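The values are calculated or read from the model by the stated rules, or taken from the named source; none is laboratory data. These numbers were taken from a predicted model, which means no experiment stands behind them. Note that each Cβ is placed from the backbone with ideal geometry, even for glycine, and that neighbours are counted across all protein chains shown. Accessible surface areas use protein heavy atoms only, side chains included; no ligands, DNA or RNA. Shrake-Rupley method; radii C 1.70, N 1.55, O 1.52, S 1.80 Å.
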Amino acid sequence: VMGALESRGVLRRMSDMLEMLMKRMDILARLENSTDFHKGDEARFPLDRFQPAAGLMERIQAIAQNVSDIAIKVDQILRNSLLNGKVVEGRRDQCEVPRDPKYPDCAGKVEWMRARWTSDPCYAFFGVDGTECSFLIYLSEVEWFCPPLPWRNRTAALPSPPPLPRVQAAFQSDLAPLLELIGTGKESLSFMKKRIRHLAQQWLRAARRLEQKLKGRQRDQKHILIHIGFLTEESGDVFSPRVLKGGPLGEMVQWADILAALFLLGHSLRVTVSLKDLQSHLGVPPGRGNCPLTSPLPFDLIYTDYHGLQQMKQHMGLSFKKYRCRVRVIDTFGTEPAYNHEEYATLRGYRTNWGYWNLQPTQFMTMFPHTPDNSFMGFVSEELNKTERQFIKSNKVSSMAVVYGKEASIWKGKEKFLAILNKYMEIHGTVYYETQRPPEVPAFVKNHGLLPQHEFQQLLRKAKLFIGFGFPYEGPAPLEAIANGCVFLQARFNPPHSSLNHEFFRGKPTSREASLAGGERVSSQHPYAEDFIGKPHVWTVDYNNSEEFEAAIKTIMRTQVDPYLPYEYTCEGMLERIHAYIQHQDFCTASSPPLPPKAKSPAMQSPPSPLAMSANATHLVWSPSASRDPRAWPPVDSLQVWVSETRHSCTETCRRHGRVCEPTFFRFLNKKEVFLQLSIACDSTEYEMNHLYPAVAENVHECYLQKEPLLFSCAGYNTKYRRLCPCRDYRKGQVALCRDCL
C-alpha cells in the first residue's frame with residue numbers, strides 16, 4: 001500500500017494524542033471531586049468555563065466515551081492498514097519460522113515477539129505489525145537471532161565500500177571552541193568552564209611539550225561522546241545546586257580536565273548532560289529502549305559515569321552489549337573484578353548497587369591509582385613557575401593552618417583536635433554559610449566562607465599546614481595544598497575504612513580493605529598522598545593519640561618543604577596518559593586469553609610458556625627466545641612474574657619489588673607450566689572462577705588456574721594462597737604507564 005508508513009505514523013500520533021486527552025480528563029475528574037479545586041485563583045484557573053459541578057462529571061464521561069469510540073476506530077483503521085501491508089513482496093503472510101542450527105534462539109524469540117511485540121513502540125517503528133513475517137524480518141535484519149529471509153531484498157547485505165581514510169588528530173592551540181561545546185544552563189558547567197579557562201595556558205604549554213615528545217607520530221582522530229550522567233535531571237543532578245554551597249567538586253574537577261585533555265589531543269567531541277541529547281546522539285529509536293539503535297554507533301569512544309552507563313543500557317537495547325567495549329567509565333573509587341563479574345559477584349556475595357557490568361576492569365577509570373585492575377585517569381593540579389615557587393617559600397606563615405572541609409558537618413566532634421591545634425597555629429576555615437556562622441566551627445577559627453578557587457589558592461600559598469578531619473575521602477584539595485607548599489596532616493584509620501565497617505563505602509563495588517575478603521585498604525583520608533607522596537609533604541598520624549598529634553604539629557612547624565606536584569597530576573602527565581590509553585587500549589578486538597582445554601589430548605595442550613627464569617632465579621621474565629607481538633600493550637618485555645606471600649595481594653607484591661601489577665599479563669601466567677617453572681609442586685591443578693587465581697595452596701600442594709578472564713585481579717589475598725603476580729616497570733612519576741608504553 002503506497003504511503004503505508006506515513007499513514008501508520010499519523011494514526012499512531014492521533015492515538016497518542018487521544019490517550020493524552022483521556023489522561024487529562026481523568027485529572028479534571030479528580031480535581032472536580034477535590035475541595036481544593038474550588039479554592040483556586042479564578043483569574044489563573046477560571047471555573048466559569050465549566051458547567052456547574054453537578055454536570056461536570058457527565059461532560060467528562062461523555063468526552064471520554066467519545067475518545068474511546070474514536071480510539072477503537074483508529075485502531076481498526078490501523079489494523080486494516082497493517083493487514084493490507086502484508087501483500088507487499090507477495091510472501092509476507094506465508095512465513096514459517098526457520099529451523100537453522102546456526103540460529104538456535106530464533107524460534108524462542110519469535111514466540112516472545114508474538115506475546116510482547118506491543119510492549120514497546122520501537123518494534124512498530126521498525127515495521128513489526130503482528131505478522132510472522134514482520135517478526136522474522138525484524139529478528140533477522142534489526143536484531144540477529146534469525147537467518148535472513150531468502151526472498152528479501154538483499155542489497156542491504158552487499159559488502160560495504162572500504163572505509164574512508166581516518167582523519168589525523170592534530171593538537172589544538174585554542175580552548176575557546178571547547179568552552180562553546182560544553183554549553184550553559186547549569187552551575188556545574190559554569191564551574192568546569194571557569195576551571196578550564198583558569199588552567200588554559202598550562203594546558204596549552206603541556207600540549208606543545210607532548211607534541212614535541214611524540215615527534216609527529218600519526219594519530220587517528222577519534223569521534224568521542226562525553227556523557228556526564230550524574231548531571232542529568234533523570235539522575236537527580238544533586239551536584240549543580242551545591243556548587244555554590246560547598247558541595248563536593250572533585251568529580252567536576254576531573255570531568256573538566258578530561259574534556260580539556262581530549263580536546264587538546266585533537267579528537268572530535270560531543271558533550272551531553274541530558275538524557276534527550278544522549279538518545280539523539282546515539283540514534284535511539286522511539287519507545288522504551290528494547291530495540292537496537294537505528295544506525296551504527298557514530299562514536300569510537302564514549303566517556304561516561306555509572307549514571308550514564310545505566311542510562312545507555314536502558315535505552316540502547318541489544319546495541320549496548322554490542323558497543324559496550326567502546327565505553328570508558330569515570331569511576332571515582334574504582335570497581336574491582338570480583339564486583340564487576342555479575343555471576344561471580346552474585347554467588348560470592350560481592351553484588352552491590354554499582355557493580356556487575358561484565359566490562360573489562362580496565363574500562364573503569366579512577367581518580368587515583370587505587371588498584372591497577374582499573375585504568376588511572378586522574379586530574380590535574382595547578383603547576384607553579386620558578387617565580388611563584390620562590391614567592392611561596394618566602395611568604396609562608398609557619399603558624400597558619402587551613403582545615404580541609406567546606407561543609408559544617410565535617411567539623412562536628414573535632415573540638416579536641418582543634419583545641420590542640422589552636423595552641424600553636426592560627427586556624428582558617430572555608431565553611432559555607434548563608435547568614436549565620438555555623439555552630440560547629442569554633443569562635444577561634446577564622447572562617448572565610450566558601451572561596452572562589454583563585455582565592456582558595458592564595459590562602460593555601462600562605463598556610464603552612466592543610467589538615468584533614470577524615471572526610472571527604474580522596475579529593476583533589478590535598479594535592480593542590482601540597483602543590484602550593486603546604487604540609488598535609490591526616491588521620492590514620494584504625495581499623496582501615498571499608499565497605500565492611502563504614503557507611504560511605506557500603507554499596508560501592510570495591511572492598512578497599514586488607515582482609516580475608518581481599519581488597520585494598522583505606523588506611524587514611526587520602527591513601528594516595530600517604531603511599532605515593534609521604535613525608536615530609538604528608539603526615540599520617542593517630543588522631544586518637546593526643547601526644548602523637550601534638551608532636552606532629554610541632555615537627556611540621558619546624559620542617560621546611562618545597563611545593564611538590566607528582567608528574568602524573570600535571571597537565572602534561574594527564575595528556576600523556578590519555579593519549580596512551582586512546583592509542584593502545586582496544587577492548588573490541590583484543591584477543592581473549594586461552595580458555596582451559598576441555599580434554600587432555602595432546603592436540604589440545606596449550607603452547608609452551610614464553611617465560612623463563614631470571615638470572616638470579618627469583619622470578620620469571622619474558623624469554624629472549626619467545627616471540628613478541630609488536631602490537632601488544634603494554635610491551636611484554638616489561639613483564640616479571642613474582643609469587644606473593646600469603647598475606648599480600650598482587651598489588652602489594654609488585655610494589656615490594658619496585659613494580660606495578662599489570663592485569664593484562666595474567667594470561668601469560670595462567671598455565672600449568674608456569675607452576676613448574678617456579679618450582680611449585682602441584683599434586684592437582686584445577687580451573688575455577690576465583691578472583692585470586694592463578695594461585696597455589698602450598699600446604700596441600702593444590703594449584704588453581706583462572707577459568708574466567710574477567711576475574712583476573714591484582715587486588716585481593718587470602719591466607720590460604722600464594723598468588724602468581726604479573727608485574728611491570730613504570731615511568732618515573734607516571735605509574736599508569738610502563739617505560740616503553742608511550
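Points worth noting:
- Listed by position, the strands (runs of 3 or more DSSP E) inside the stretch 694-742 whose residues that are touching an Asp or Glu at 6+ places or on another chain (Cβ under 8 Å) and among the aromatic types (Phe, Trp, Tyr) number at least 1 are 702-706.
- Residue within the stretch 464-475 that is at pLDDT below 90, more than 24 Å from residue 399 (Cα to Cα) and over 22 Å from the mean Cα position of the chain (by Cα) present: no
- Of all residues in the stretch 428-474 being β-branched (Val, Ile, Thr) and touching a helix residue (DSSP H, G or I) at 6+ places or on another chain (Cβ under 6 Å), the one that is farthest from residue 407 (Cα to Cα): 441
- Residues located in the stretch 118-154, provided they are within 17 Å of residue 99 (Cα to Cα), out of contact with any helix residue (DSSP H, G or I) (no Cβ under 9 Å at 6 or more places or on another chain) and not hydrophobic (A, V, I, L, M, F, W, C): 150
- Selection status of residue 682, part of a loop (DSSP other than H, G, I, E, B), farther than 28 Å from residue 374 by Cβ and in contact with a Cys (Cβ under 7 Å, 6 or more places away or on another chain): yes
- Subset of the stretch 380-410 (residues that are surrounded by 16 or more Cβ atoms within 10 Å (Cβ to Cβ) and of a type in the set (Ser, Thr, Tyr)): 381, 404
- Residue list for the stretch 225-241, restricted to those being open to solvent by 20 Å² or more (accessible area, probe 1.4 Å) and not hydrophobic (A, V, I, L, M, F, W, C): 233, 234, 235, 236, 241
- Conditions (1) more than 30 Å from residue 163 (Cβ to Cβ); (2) buried (at least 20 other Cβ atoms within 10 Å of the Cβ); number of the one not met by residue 222: (1)
- Flag if residue 299 is more than 21 Å from residue 175 (Cα to Cα), touching a residue at least 40 places away in the same chain (Cβ under 8 Å) and not polar (S, T, N, Q): yes
- Consider the stretch 583-597 and keep the residues that are surrounded by 11 or more Cβ atoms within 10 Å (Cβ to Cβ) and closer than 17 Å to residue 705 by Cα. The one that is modelled with the highest pLDDT is 596.
- The condition (being in the same structural domain as residue 691 (by the TED database) and farther than 15 Å from residue 716 by Cα) is satisfied by just one residue among 663, 635: 635.
- Selection status of residue 132, of a type in the set (D, E, K, R), farther than 22 Å from residue 316 by Cα and touching a residue at least 24 places away in the same chain (Cβ under 8 Å): yes
- Qualifying residue in the stretch 177-186 (condition: of a type in the set (A, V, I, L, M, F, W, C), under 30 Å from residue 259 (Cα atoms) and surrounded by fewer than 17 Cβ atoms within 10 Å (Cβ to Cβ)): yes
- Note on the stretch 339-366: residues that are of a type in the set (A, V, I, L, M) and modelled with pLDDT under 95 amount to 2.
- When the stretch 455-494 is filtered for residues that are aromatic (Phe, Trp, Tyr) and in a strand (DSSP E or B), the ones remaining, listed by number, are 466, 488, 493.
- A residue that is within 23 Å of residue 363 (Cβ to Cβ) and surrounded by fewer than 17 Cβ atoms within 10 Å (Cβ to Cβ) cannot be found anywhere in the stretch 720-729.
- Checked against the criterion of being in contact with a Gly (Cβ under 9 Å, 6 or more places away or on another chain), more than 30 Å from residue 565 (Cβ to Cβ) and not polar (S, T, N, Q), the stretch 330-338 has at least one qualifying residue.
- The condition (being surrounded by fewer than 22 Cβ atoms within 10 Å (Cβ to Cβ), under 23 Å from residue 315 (Cβ atoms), assigned by the TED database to the domain that holds residue 315 and of a type in the set (Gly, Ala, Ser)) is satisfied by just one residue among 274, 190: 274.
- Inter-residue pairs, beta-carbon under 7 Å, first closer than 23 Å to residue 617 by Cβ and in the stretch 667-694, second of a type in the set (A, V, I, L, M) and assigned to a helix (DSSP H, G or I), 6+ apart: 694/669
- Scan of the stretch 389-441 for residues that are β-branched (Val, Ile, Thr) and under 39 Å from the mean Cα position of the chain (by Cα), ordered by number: 392, 402, 403, 410, 427, 430, 431, 435, 441
- Considering residues of the stretch 484-517 that are polar (S, T, N, Q) and at pLDDT 70 or above only, the residue nearest to the chain's Cα centre (by Cα): 510
- Here is the figure for the stretch 292-331: residues that are open to solvent by less than 30 Å² (accessible area, probe 1.4 Å), among the aliphatic types (A, V, I, L, M) and in a helix (DSSP H, G or I) total 2.
- Scan of the stretch 598-631 for residues that are open to solvent by less than 60 Å² (accessible area, probe 1.4 Å) and modelled with pLDDT under 90, ordered by number: 599, 601, 606, 609
- Output for the stretch 647-666, where each listed residue is open to solvent by 50 Å² or more (accessible area, probe 1.4 Å), outside any helix (DSSP H, G or I) and closer than 21 Å to residue 337 by Cβ: 647
- For the stretch 243-265, filtering for residues that are of a type outside the set (D, E, K, R) and out of contact with any helix residue (DSSP H, G or I) (no Cβ under 9 Å at 6 or more places or on another chain) leaves 1.
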